[in-house]
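First up is the structure itself, then whatever we jot down about it.
Read-outs: derived from the displayed coordinates by stated rules, not from any lab. Nothing here was measured: the structure is a model prediction, and the numbers come from that model. Cβ sites come from the backbone with ideal geometry, for glycine too, and all protein chains shown count toward neighbours.
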Amino acid sequence: MAAELPGAAGVRHMVVCADDFAVHASASRGIAQLAEMGRLSATSAMVLSPHWPQHAAMLHDLRGQIDVGLHLDWTSSFAMDAGHGLPLAAAMRQALWRGFDPVRATRVIEHQLDLFEAHWQAPPDHVDGHQHVQQFAGIRQALVQVLHTRYASHRVKPYLRISRAPAGLADLKSRVIAMMGANALEKIATHAGITSARALFGIYNFEGDGARYAALMAHWLRVAPQAGLLMCHPAQTVEPADEIGTARAQEFAYLASLQFAQALSAAQVVLARGAQLWPPVGLPAR
């Protein structure tokens with residue numbers, strides 16, 4: 001249930017979340033800059049990255065202003081180096097064939113939460129997944145159980161991202177993402193009393209130029225319902241080793257531009273934090 005936030009008639013509130021904080025310095029700096037500009041209301045961190053301990057400091061002045069969450073990771077080079085990682089195609093096959101071992105998954109999730117809290121000095125505001133692994137069979141069950149147990153005494157538990165595009169925006173890529181367990185994750189999270197962000201925008205194939213991204217964003221903003229979540233992957237500059245480096249730089253340029261501010265205004269979309277939109281299960285909307 002979305003909260004009733006103040007604002008003029010027709011205004012819609014949305015979380016805009018930059019994924020992949022700490023993947024490299026260009027992304028971390030870009031995300032921090034956009035957050036300071038008020039162009040983001042959330043970010044999620046790749047805590048297996050060797051950059052996380054130092055880069056976390058970039059967000060300290062933004063504490064309480066944006067949501068800072070865990071970008072649960074099973075498929076990056078950082079996860080490979082940590083010993084549990086798999087290429088995305090192999091991870092998808094395992095999830096569809098027999099699922100991940102929930103006991104081992106629990107250890108991996110606890111370790112990443114430990115790394116997050118060690119350098120942020122607080123629990124994550126939310127948990128999502130690099131390449132949407134939070135929804136994979138075996139991982140999703142372990143994740144919900146860990147969050148339910150680890151934060152049992154907390155009035156507000158981290159909210160979860162449900163990687164499912166709204167009706168009318170579900171292309172092939174978004175259908176495949178949702179098929180990997182969106183409905184199943186939402187069901188078990190609700191049963192455990194964990195809040196979910198359910199309408200995901202920002203899914204595309206990272207191709208095209210800046211004009212294409214601007215057109216996609218205008219469309220997403222135009223059709224987004226109240227309390228949607230729009231993910232993005234910005235970075236200040238192109239990192240040659242980053243397979244989506246060009247798209248990251250194009251996203252940053254657009255999100256930092258006056259054009260984005262004008263698009264938000266034209267669509268009557270206002271950025272918000274998750275707790276404003278998705279109150280904890282069992283608590284009234286504020």
Mean-position separation - Cα centroids, the stretch 179-194 and the stretch 105-125, in angstrom: 21
The chain, relative contact order [Cα under 8 Å, separation at least 6], %: 26
Inter-probe distance in nm under a simple model that places probes 7 Å from Cα toward Cβ, at Met37 and Ala170: 3.4
Dipole moment magnitude, nearest 20 debye, the stretch 121-180 about Cα centre, only Lys, Arg, Asp, Glu C-beta charged: 120
Amide H contacts of Ser196 (H built 1.01 Å from N, under 5 Å, at least 5 apart or other chain): Leu160
Extension reserve of the His119-Asp101 stretch, reckoned as 0.36 nm per residue once the Cα distance is removed: 3.7 nm
Size of electric dipole in the chain: Cβ of Lys, Arg +1 and of Asp, Glu -1, about Cα centre, debye, nearest 20: 860
Dipole axis of the stretch 12-277 (+1 Lys, Arg; -1 Asp, Glu on Cβ), positive-most option in Cys232, His191, Leu264: His191
Distant-in-sequence amide H partners of Val269 (H built 1.01 Å from N, under 5 Å): Arg12
Relative contact order (%) - criterion: Cα under 8 Å, at least six apart; region: the stretch 135-237: 30
The chain: mean projected area of Cα convex hull, nm²: 13.8
Distance histogram in 5 Å bins (all Cα pairs of the stretch 159-231, percent per bin): 3, 16, 25, 23, 17, 9, 4, 2, 0
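Kindly put Val108, Val176, Val16 in sequence by how many other C-beta atoms sit within 10 Å of each C-beta, fewest to most. List each step's numbers first, then the result.
Numbers: Val108 24, Val176 12, Val16 28.
Arranged by neighbour count, lowest to highest, Val108, Val176, Val16 become Val176, Val108, Val16.
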Order of Trp278, Trp97, Trp120 under a 10 Å beta carbon neighbour criterion, fewest first: Trp97, Trp120, Trp278
Nearest-20 debye value, the stretch 131-244 charge dipole, Cβ charges on Lys, Arg, Asp, Glu: 680
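Tell me, Kirkwood radius of the stretch 1-115 from alpha-carbon pair distances, in Å? Don't skip to the end; give the middle numbers.
On the way: mean 1/r = 0.0625 Å⁻¹.
For the stretch 1-115, inverting the mean 1/r across all distinct Cα pairs yields 16.0 Å.
Treat the count of other C-beta atoms within 10 Å as a stand-in for reagent exposure and order Ile244, Ile162 from fewest to most.
Numbers: Ile244 18, Ile162 23.
Ordered from fewest to most neighbouring Cβ atoms within 10 Å, Ile244, Ile162 come out as Ile244, Ile162.
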